1. Would you mind putting 74-84, 15-25 in packing order, based on average other-beta-carbon counts within 10 Å, highest first?
2. Report ASP54's accessible area, 1.4 Å probe, all protein chains in place, as a number in Å² to the nearest 10.
3. In the chain, what percentage of the DSSP-assigned beta bridges are antiparallel, given to the nearest 5?
4. Amide H to amide H, which residues 5 or more places from CYS137 or on other chains are under 5 Å from it, using H placed in the peptide plane?
5. PHE66's amide H: which non-local residues (gap 5+, or another chain) put their own amide H closer than 5 Å, with H modeled 1.01 Å from N in plane and none for Pro or chain starts?
6. State which entries of LYS42/LYS87; LYS2/LYS70; LYS42/LYS154; LYS42/LYS82 exceed 29 angstrom in Cα-Cα distance in the structure shown.
7. Residue by residue through region 148-156, what is 3J(HN,Hα) from phi via Karplus (6.51 cos²θ - 1.76 cosθ + 1.60, θ = phi - 60°)? Round to whole Hz and write x for glycine and proline.
8. Provide, for q = 0.11 Å⁻¹, the log10 of I(q)/I(0) from a solvent-free Debye sum over equal Cα point scatterers in the chain.
Amino acid sequence: MKLGFIGCGNMAGAIIGGILKNHVCGAEEIIGSAITESGRKKAEQTYGIRMTADNKQVAGEAEIVFLAVKPQYYEEVLNEIKENIDKSKIYVSIAPGKTLEWMEAILGENAKIVRTMPNTPALVGEGMSCVCGNEKCSSEDVDTVCRIFAGFGKTEIVEEDMIDVVV
């Protein structure tokens, strides 16, 4: 399973750490992007993953693409990668306030999108994450994301309109 992280800050780090700790996949199967050279070096040194400054490269190589940038950068990043949307890939959001409908309007109705809401205890492996997928996602797609998120805490599948209030 090839995983990609667009943005490698604290929450992405918690997810990557859980993935590696629980042997979901190896570091060689993870690619990430960060806007700063220092961010890329930190992620490479901390997790042993391959890093780039190119979000399109991450979206192109990964089977599951984690959108781990701050909410104010979502529209810019989604517009940057939307030309390469592949209906076989899963796009995972961790941003509060960015609904499935909002993301579908940018990425297109064929994109498989899983919206998640991890909470801050995830940073120390004790998190609770709510997860929901859009209509293009199968139950297997959502279960795959839940298994990944279980690496740093508990997961709960919820209805999309409840995700911002549950965590």
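The values are calculated or read from the model by the stated rules, or taken from the named source; none is laboratory data. Bear in mind that the values here come from a model prediction, so they are computed numbers and not experimental data. Here the Cβ is made from the backbone with ideal geometry for all residues, glycine too, and neighbour counts use every protein chain on show. Calculation scope for accessible area: heavy atoms of the full protein, side chains included, ligands and nucleic acids excluded. Shrake-Rupley method; radii C 1.70, N 1.55, O 1.52, S 1.80 Å.
1. So the order, starting with the most tightly packed, is 15-25, 74-84.
2. Taking all protein chains as shown, ASP54 has close to 70 Å².
3. So the antiparallel bridges amount to about 15 percent of the total.
4. Close amide H contacts, sequence-distant or interchain: ILE113.
5. Sorted by chain and number, the residues that satisfy this are GLY4, PHE5, ILE6, VAL92.
6. On the way: LYS42/LYS87 32 Å; LYS2/LYS70 23 Å; LYS42/LYS154 27 Å; LYS42/LYS82 27 Å.
Where the Cα-Cα span goes over 29 Å, the pairs concerned are LYS42/LYS87.
7. Running phi through 6.51 cos²θ - 1.76 cosθ + 1.60 with θ = phi - 60° gives 5, 6, 5, x, 10, x, 8, 10, 9 Hz.
8. Values, matching the q order: -0.37.
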